[in-house]
Every structure is written in C-alpha cells, then in structure tokens.
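Below is one structure, written out as structure tokens; the observations come after it.
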Amino acid sequence: MTNLVETHSENQGAWASARWRRARGVAVLVMGCLAILSPFLRGELASLLVGLLLIACGVLEMLETFQADRESERRSAYLSGALSVLAGTLLLARPQLLLRGLALFVAGAFLIDGIGKTVAAVRARASSASWRRRLVSGLVNIGLALVLAAQWPVSGRAVVAILVGIRLLSAGWSMLLGREHKPGPIAEPPPRGLHPDRRLRLPPNPEFAAFEESLSVDEANQRWINAVWCWIFVVVFFAIHIGRMHVEWNLVGMIAPLVAAVGDVCTALVIAFGIILPCRLAWRELTRPVERRAWERQLARSEQGRGPGLLGRVWRIWLRARLRFSWRMARARHSPRAALNWGLQVGLPATAILIAVNPIWGFSWFFNSESWTTGIWDRWAEARTDVWRERMMEAVRKHYPASSIPDDRLFAVEPAGVAGSDDFSFLVLGDTGEGGAAQHSLRDQYLFLGRRQDVKFLVISSDVIYPEGAMLDYEPNFYLPFKGFTKPIYAIPGNHDWYDALEAFAANFLEPDAARASMHARMEVDNWWTTTTPRRIEAKIQEAARLRREYSVSTGWQRGPFFEVQTERFALIAVDTGVLRRVDTDQWAWLKAALERSREKFIMAILGHPLYAGGRYQGGTDEPIAGEWVAQDGPAEVAGYRLGAETTPFAEIHRLLRAHQVQIVLAGDTHYFEHYQEPYDAAGATRTMYHFVNGGGGAYMSIGTPLDWPREPAVADCAFYPRKDFLIEKLDRETPVWKEPLWLWVKHLHAWPLTAESMAGAFLYNRAPYVQSFVEVRVENSRDQVRVIPHGANGPLRWRELETFGSLVHRGKAGEDAVEFVVPMSSRHP
C-alpha cells in the first residue's frame, strides 16, 4: 500500500511538472511572436522589448534545469538560459552596439547554445524519446548564429530582432513538446544515510541521516526568519537610495530608488552565483580528498566507540560545515526556491558591503545601481522626444503670436554687445552636470575668462544635469559651479536632460511663459498620464527663479531648447538633436530658415551630438554621404538633397550644414575633446568644415576615444586630448586592484564584444591630473577670423598634450605653444 501511495504521489508531481512545462512553453512561444513583431509594433523600443523577452526566456529556460532527469539535459538548459539572460542584458544596456560587436556576441550565444543542445540530444538518443526535438532546436540555433555572424543573406536591427524571435519560438516549441513523464512505479530510492556529496564515495552512515534530519528541521524553523531578514536588507537598500538620490515624493520619483533596489537584488544574485558559488565549488573540488580522509577517520573512530579527540573536534566543525553546504547545494539543484533562498542569504550581505564601500572606490555608472534607472528613462525618452519637442514648440508659437514677436526672432537670443561689428568672445562647455570634482576643476578657468570684457555669454552644448536632468540636481550641479559667472548662459539639452521630459531644463533656461506653455503641452500630448500638475509646473518655475537670484546666474532667456544668435557678420545656430540624433519637423523647418537668415555670414553650429567622434563618422555610414544637391524641394527630398538608400536623419543634418557652407560644427555628448578638419566640395570649390567634440566639461571621460582609435580615421587631419599614452599611464597608476582585470580587458582587447567607449563609465577618477576641457570662441571681425581655443583645468591646452594626425600642426608651432584653431571669416567666399 505504501508503494502505491508513493507511486500515486510521484505521478501527480510529474503531471503537475508537465503542466508547468507546457505553460512555460506557451509563454516562450508568445514571447517569440512578440520579438518578431517588435520592429513593426514598437519601432525605437524594439531593442528594449527584445532584450526583456530574452531575459524572461532565459529565466524560464533555467527553470528547466530543476526538472531535467539527466545531467546533460540539466547543463544544456542552464547554459541556454544563462546565455539568453546575458545577451538580453547587453541588448538593454547597449542597444546601439547591436549591429557591431554585440551582434557577434548574440551569434556566439546562439552557437554555444545550439552546440550544447545538439551534443546533449545525440548523447540522449538511446534513452530519450524527445532527442529529435532537442536536436532540431540545436540546429536551428546554430543556423541563426551563422546568419547573425555572417550578416547574410539578411542584416539589420529588425532582422536581429526577428532572428531572436525565431530562437525563442524554437525554445518554446522544445518546452511545449518535450518529454512527459509516463506514470509507473517509482525507481528504487537510494540508500538512507548517504552523504549529499556523492563524489566523496562514502558508504551510508546513520550520522549522515541524523544530521540531514536536523538540517531539515532547522531549515523549516528558520525559513521565516531568513525571509524576514532578506526583506529587511531590501527595504534598507530602498531607504538608502531614497536618501542618497534626493527623489521627489511621487509615483514617478519612487521609480528610481525602486530600480536601484532591484538592481541591488540582481547584484546579490550575481555575487552569490557568479563569484561566491564558483569559488566555493572550486575549493570543495580541490579539498575533496582531504575531506574524504577526514570523514573516514572520524567515522572509523565513531564505530570503534572512541571520541574524536581535541584535533578531531576541530575537524568535526569543518566537516559539518562542508556537509551543510553539500546538503544545500543538493537541494538547490532540484528546487528553484532553495537556490534563490541560498543566493539571497549569501549575496545580500556582500551587496550591503559593496554599497557601503562604493564611495571609497569612486562613483561609476556601471558599479552603482542608482544610475541604472537612467537606462529606463533613456528608452522611454528616445521614443517620445521628437513628439514632445514638436508639441512644446507649437505651444510656444501660439503663446507668442507673430504680431508680438516675429517668427524669425522667436527662437533668437540677443546677448548684449554682439549685434554690431565689434570683436567679442564666448565660451562653450559640454556635458557639465555631474557636480563632482572633475566639473569643479574647470571652474576657476571659465570664471577667470568670464571676467574679461570681450566674453559676452556662455553656452552649454549638452547634458546640463546628470543623471536624469532632475530639478533637485540643478542647485549642486549647475548653479553652484557657475556661481560668479554673471554673463548670460544658454544651453541645448542632452539626452540626460530629456529624461524628465525636459521639465527642469525648461524651468531653468526658458522664459517663464515659454517654460509654462512647453510643460503644459507635454502633459497634453501624454494625455495627462504623468505626475506633473499645473501646481508642480509653477513650483519648478518659481524654484528656478529663486536659484537665479540666490546665485546671481543669468539664465531664462530662451524660448526653446534650440536657439540662434545673429550678428552683423557671425551667426551661431544651436540645434537640439534629442536622444536619437535627429530633429522633429518643426525644428527642421526652423533650422533651414535660420541657415537662410545666416547667408553671407560666418556660420557656427552647435549640435547635441557630434558628426565625428572616436575617429569615425557618426552619420550612419563609415563615410560622409555625398548627396546630390538640387535647387528645389520635392516629396522625396529633404533640405534640398535627394535621399539615398543609406541616409539617416543625422546625416541629413550634415548635408544641410554643408549645403550652407557652415564653417564650424561643435558638439558635446562624447566626453572628450576632439577636432576634425573635413574637406568637401561646394559651389565648385573645396571647402573645409571644422568639427569640434567638446564634451569634457565635467562628466566622466570617454576613454574609448584613444583606446579604440581606428587605423585610418574618417578624416585625415584630426586630433584628440588627452593623448593615449597619458591616459593609459593615468589609468595604470590609478586603477585599483579589484578593477585591474576589467582595465586589462579594455586596454588590450578593447572590451570586445563591447567597445572600449561603452566601458568608459567604469573608470571615473576625480583626482588630479584632471583631463576635462572646454573651448573659447573669439569672433574677431577686425581681423576677419574666428579663433577656437581649447582650455583645460590649468589653462589653454598645449600642442604637446594633443595627439594629432595628418598635417594638423602648422609649421613653426612648438609643443609648448598654446593650441588654437584659426578659421578665416572669408573662407566661404574664396
């Protein structure tokens, strides 16, 4: 009777397991369909959705580990799930790398998964009825890997999403039609009293059975205690993040600390299963012979009725600790709940230590979960920025009718002392707003220059506030660093400034009426699905006014996130390229009109993103697109250029600037100083466009610029600061031991399959020598030239501090000479 009851109970458990397996299979099939449809349904959010689906599929695949009967199936399921989670995580973190190294990584994940499933299927063909389905699934993954790696016969972001969807469909189909347990008598149970670690090859012993029973009782008694203190850790983490992040007390404000707390839990599991568990298993493997002999000696003395002795008592403590670990590992191999409980109990205390000592190592975008929430806002803002901006500017136009302000002056700013033909200067800083020592290292330099009579204003070219453009960060990250600079400050937003729907930026840099109209319009376009209210809008506008008075900082002169300065011979046009390096229809029309108003003048453009960075062209192809200029606009044309098959919105901006012979293009976003001199043909002559990357105003430095510089840069005459050898020497000296493997990976392997640029945030050192920079622009009408002078933390940069290529350095210039780039104002009319 007992055997019948046990058989019935076993069969019920098997049927329940089969039902859950089929449910998981259906879920993965649905996720595969969503992945295939994501490029057509979600557009810009396709990479985000595919990454989330891959992670979810990986978790469901790893659950198969606990249901597999054979070790080969268990390893195959775990490997497949782990690779899916890793690939999905990378898709979430760096979707822009999808068509570069990350595509190869995803292909590698599919290939390893396919080979693992194929080998497991071949080995199980004699004992498993489902080996053919597993073999087909493995071959499908191998085929998808080859397509991704070769980028043939198809390629592109949408194709990658579709291939990922096919991979999910294959995994779901394998789960759905996998082998089901057939009712029947249960296998003969193993002998009672075996050691949980079978590889010790110890005979059954009553001591093992008694200890295992005591462990089961202790585990049952402590289950709730362990759960409570794990939750206490999570709640404390959440409270710490609320205090450190200075969040606003509303639903949206709580998202950031919640994401940080979830990140802490994930970090705890990574530490437990990625660091602690492999180390403990390796140590157990190395010391297993010692453990075996110690158990044999202890059991022999016990059977002889002899006591363990003094040394034996010490050994007994160690052996019982090992037995406890082996027992927990044996339970974790067959129970997801047991595995999760062990991971949290071990990983959460280690994570608490990591959180506590993180400030000692220095702030890092990758090792601080409080910054991970920016990834969520980035995916959200990139799909909404153009819509928000267009509606905002429509509202501003309605508030300022043409009868009060002419349309050609609506987005113009008019700093004092620049309208005539006198000489004047202004400063441009990019990516300033981290509020750390690196940002303050430049403060004495731009305050000193700001006291000169010829310096009339200052422009911030990207990312005023990190990490989310929040109003609470404006006082420490903007007003305090610029206290003492009394000239007008203008700005164009970077991607981080858009993360709060540009509310704080509007409150601080736009006229109050324009800020109010913009924020109301954004609420309307989002159908009031926002925590922003009219009362909060007024509170932000009033807070910005208060901060201006307290710090005597001159802002609030703009009517939009883009603007122009028109003087007698010089025009400055600042363009907001949002998150995705593009402009909306309304700003495009304004840009074309502003360039038309600037004809016969020297034109300098400031963009939110650089056209050249890291030695490469950023317009969508490896080389600038040589479009054919036509006189009239048509339905298939943008800004007077015929669209080619490989054009991008950012490349079209470039084309428009070249068509109007813009002499200088300056941009932030990339945290470095770079310079490029691009030759191009226009109006029957060869022109030169001077490009400056000016994102070194205070944020962490993009070390990938020198480490991953191409052998043949997109432009022959170019330069960057600081030099590669200087940066490597600095990082060799300052990188702590625990980051040394990461630094070696980036230094020698360029962080493949990622990029050195993507890992730049892992190396942030707010200590001297500082390598931040900004530029001074001198418009010298009296000498018919414009000079661009880069400054560092200790004054103007010297030529010896730059790494140069081509014939950039003119004859007669020595290493100690100050760097300056001179552009004749008459260069557009040779």
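The values are calculated or read from the model by the stated rules, or taken from the named source; none is laboratory data. All of these numbers come straight from a predicted model, not from anything done at the bench. No Cβ is skipped: glycine too gets one built from the backbone with ideal geometry, and neighbour counts run over all protein chains shown. Calculation scope for accessible area: heavy atoms of the full protein, side chains included, ligands and nucleic acids excluded. Shrake-Rupley method; radii C 1.70, N 1.55, O 1.52, S 1.80 Å.
At-a-glance table
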quantity: Difference of contour (0.36 nm per residue) and Cα-Cα distance, residue 297 to residue 216; calculated: 26.6 nm
quantity: Whole-Å semi-axes of the ellipsoid equivalent to segment 412-482 (Cα gyration tensor, √5λ, descending); calculated: 26, 14, 9
quantity: Protection proxy ranking of 222-231, 450-459, 504-513, 769-778 - average other beta-carbon atoms within 10 Å, highest first; calculated: 504-513, 769-778, 450-459, 222-231
quantity: Links that overshoot a 32 Å alpha carbon limit, given the list 487/601; 483/739; 540/730; 398/592; 398/540; 456/747; calculated: 483/739; 540/730; 456/747
quantity: In Hz, Karplus ³J(HN,Hα) per residue of segment 463-476 (6.51, -1.76, 1.60; θ = phi - 60°; x = Gly, Pro); calculated: 6, 5, 9, 9, x, 10, x, 6, 4, 5, 8, 5, 5, x
quantity: Long-range HN-HN contacts of residue 798 with modeled amide H, under 5 Å; calculated: 819
quantity: Note, ³J(HN,Hα) from phi for segment 740-746, Karplus 6.51, -1.76, 1.60, rounded to Hz, x at Gly and Pro; calculated: 4, x, 5, 5, 5, 4, 6
quantity: Largest-first ordering by accessible area, 1.4 Å probe, given options 691, 520; calculated: 520, 691
quantity: Theoretical FRET efficiency, 1/(1+(r/R0)^6), r = Cβ-Cβ of residue 545 and residue 422, R0 41 Å, to 0.05; calculated: 0.80
quantity: Integer Hz, Karplus 6.51/-1.76/1.60 couplings in order for segment 570-576, x for Gly and Pro; calculated: 10, 10, 10, 10, 10, 10, 8
quantity: Separation of the residue 258 and residue 201 label points, Cα + 7 Å toward Cβ, nm; calculated: 5.5 nm
quantity: Segment 662-784 - charge dipole about Cα centre, Lys and Arg +1 at Cβ, Asp and Glu -1, debye rounded to 20; calculated: 320 debye
quantity: By accessible area with a 1.4 Å probe, ligands and nucleic acids excluded, highest first: order of 89, 585; calculated: 585, 89
quantity: Separation of alpha-carbon centers, segment 726-784 and segment 679-713, rounded to whole Å; calculated: 16 Å
quantity: Centre separation in Å (Cα based) which lies between segment 264-333 and segment 545-603; calculated: 68 Å
quantity: Interchain or long-range residues, amide H under 5 Å from residue 455's placed H; calculated: 425
quantity: Student exercise, segment 374-447 dipole from Lys, Arg, Asp, Glu Cβ charges, in Debye to nearest 20; calculated: 380 debye
quantity: Extension reserve of the residue 766-residue 599 stretch, reckoned as 0.36 nm per residue once the Cα distance is removed; calculated: 55.7 nm
quantity: Label-point gap, in nm, between residue 321 and residue 235 - each point 7 angstrom along Cα→Cβ; calculated: 3.1 nm
quantity: Under-5 Å amide H pairs with residue 466, H placed in peptide plane, nonlocal only; calculated: 433, 434
quantity: Within-11-Å neighbourhood charge of residue 420 [Cβ basis; K, R +1; D, E -1]; calculated: -2
quantity: Sorted peptide list for 385-396, 263-274, criterion being average Cβ within 10 angstrom, highest first; calculated: 385-396, 263-274
quantity: Magnitude of the charge dipole, segment 286-355, Cβ model with Lys/Arg +1 and Asp/Glu -1, debye to 20; calculated: 160 debye
quantity: Label-point separation, residue 740 to residue 724 (7 Å along Cα→Cβ), nm; calculated: 2.4 nm
quantity: Rounded FRET efficiency, nearest 0.05, which uses the C-beta distance separating residue 552 from residue 783 and R0 of 56 Å; calculated: 0.95
quantity: For segment 410-522, with +1 on Lys and Arg beta carbons and -1 on Asp and Glu, the positive-most of 439, 416, 467 along the dipole; calculated: 416
quantity: Contour minus Cα-Cα distance for residue 283 and residue 132 (0.36 nm per residue); calculated: 50.5 nm
quantity: Relative contact order (percent, whole number), segment 457-496, Cα cutoff 8 Å, 6+ residue spacing; calculated: 69 percent
